[in-house]
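To start, the structure under review is shown below, and the notes come after it.
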Amino acid sequence: MFPVVPERALLELARTEGGPDTLTLLVRDQDTRRLLLLRAVLDAAEAAGPSVCTAAQKARLREDWALLTEADRLPAADARFANPARARLFHPLTGPWARSCLRGLDAAPGPADGERARRLRRDLAHFSAIAAVVAAGAGIPFRTRLTARAGVLALPSLGALHTARSGDVPVDVTCTEGRLVLRQAAAPDVTVHLESGVGAWSGALAWTPAHALPGLTRTAPPLPLDDLDPYRELPDGPGHGNLRTPLALDDAERKRWLQAWSGTALALRSGGAQRLAEAGALLRCLVPLETPPDVGTGRGSCSATRREAFGGLLSSTPPDAVTLAATLVHELQHAKLAALSDLVTLHRAGPAARYFAPWRADPRPYDGLLQGTYSHLAMAAFYQRRALVGGLPDRDWAWAQHARYRAQVGAALPALVGSPDLTVRGRRFVDEMAATHERMAEHLAPRGHVARAQAYVASARALWAQRHASALPPSNG
């Protein structure tokens, strides 16, 4: 069912690049996996006992699935997707929702605890909202009852209704001719008018519309800037540090995003034409995050991707276009490598965290080292290309960034290349990464930047060894 990755595509990706065919292969495979994940939710619900998923909940899931199936047969509303239903289902944040459903449905038989049952009830209710949005976008008239969560009814890609009462509140929805009427007890009806693509407007103060940034290129569709979806939060765990707080944008923050975004395409192109191409092919939504206090000022920002949310990128408000472009380059490498790893087994290393990475204070597992080195290799290439463009006001800064990223990659590569856990295709991949790193020597950064970068890495290695000497493997010494 899943495609074979050609050798040409493997080597393109190892260079942190990827032509149109290669990127399309990754996207189509991830979309196929999303459809299988959604089907798994339906199957898990049908198989769950009545103490986990009631007969009424199963019946409602079947109704919602039937509505999606009806929309699936209609002509495409968005040229990027086969039809309107899939345009919604392939939205990145549908992935975290589906995973949350499966966790709730796969629970052991027996009485559900209150928190787990409440979470699953909300997860299943959200599927009804997704189905309603898909049907509305496809022009299907319907009447249905949805449930607001903690006083907010989120309609993905359209907006959110703030209900008059708090808690989980029923809302009756009628859809006719591109218009939704939202009705709740003891409150005026709210009429919402669908817009083309992302968003819907209403004169009611209770309605907050979804927002989008202009297309990255002239022919690209608007890009959702999603600060409403209830599944946009990062999960707890050490992998994301303190990046768990999504940001609800006010007008000032939204303007800052728009200002940085307006120059991002040009900044991406200055770092190589493939950077703009991969952003256009892979990026499907941006999720604003609060800036943690330890990020600092100037060009500081924080960002993340989620493996289950392919195409989504979470970021604090970018200070400028170059910073946002660099964020896209960095995070999209994680998305590319994760997608490739779903298709190709690159290594069989275990999860033990024992490797030195100059960009982290803690030991890393082999896969984490590979992910970090891969994204840093792309950053080194991005800044080198920018530094080679004449006339840029921040050219010297770009050289400094390139020198540091290249030195960091150089310190991590020996452990990657020397691992006995690499598969045959994995060895081809990391060998090509190493060759790409070596080719950067054709255009060296100024000597001072190189010396400072090497001193930085040496200092980081010495401090790491001091803290984690017992974990340092021979191949990473």
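Some observations on this one:
- Residues in region 147-169 that are surrounded by 15 or more Cβ atoms within 10 Å (Cβ to Cβ), without any contact (Cβ under 8 Å) to a residue 40 or more places away in the chain and over 27 Å from the mean Cα position of the chain (by Cα): 1 in all.
- Residues of region 1-19 satisfying the condition of being on the phi > 0 side of the Ramachandran plot and β-branched (Val, Ile, Thr): 16
- With respect to being more than 20 Å from residue 127 (Cβ to Cβ) and assigned to a loop (DSSP other than H, G, I, E, B), residue 12 falls outside the description.
- Yes/no for residue 420 being modelled with pLDDT under 95 and open to solvent by 60 Å² or more (accessible area, probe 1.4 Å): no
- Yes/no for residue 245 being among the polar types (S, T, N, Q) and closer than 21 Å to residue 95 by Cα: yes
- Filter result (modelled with pLDDT under 95, more than 18 Å from residue 28 (Cα to Cα) and open to solvent by 50 Å² or more (accessible area, probe 1.4 Å)) within region 257-313: 273, 290, 291, 293, 294, 297, 298, 299
The values are calculated or read from the model by the stated rules, or taken from the named source; none is laboratory data. All of these numbers come straight from a predicted model, not from anything done at the bench. Positions of Cβ are generated from backbone atoms using ideal geometry, with glycine treated the same way; all protein chains shown enter the neighbour counts. Accessible surface areas use protein heavy atoms only, side chains included; no ligands, DNA or RNA. Shrake-Rupley method; radii C 1.70, N 1.55, O 1.52, S 1.80 Å.
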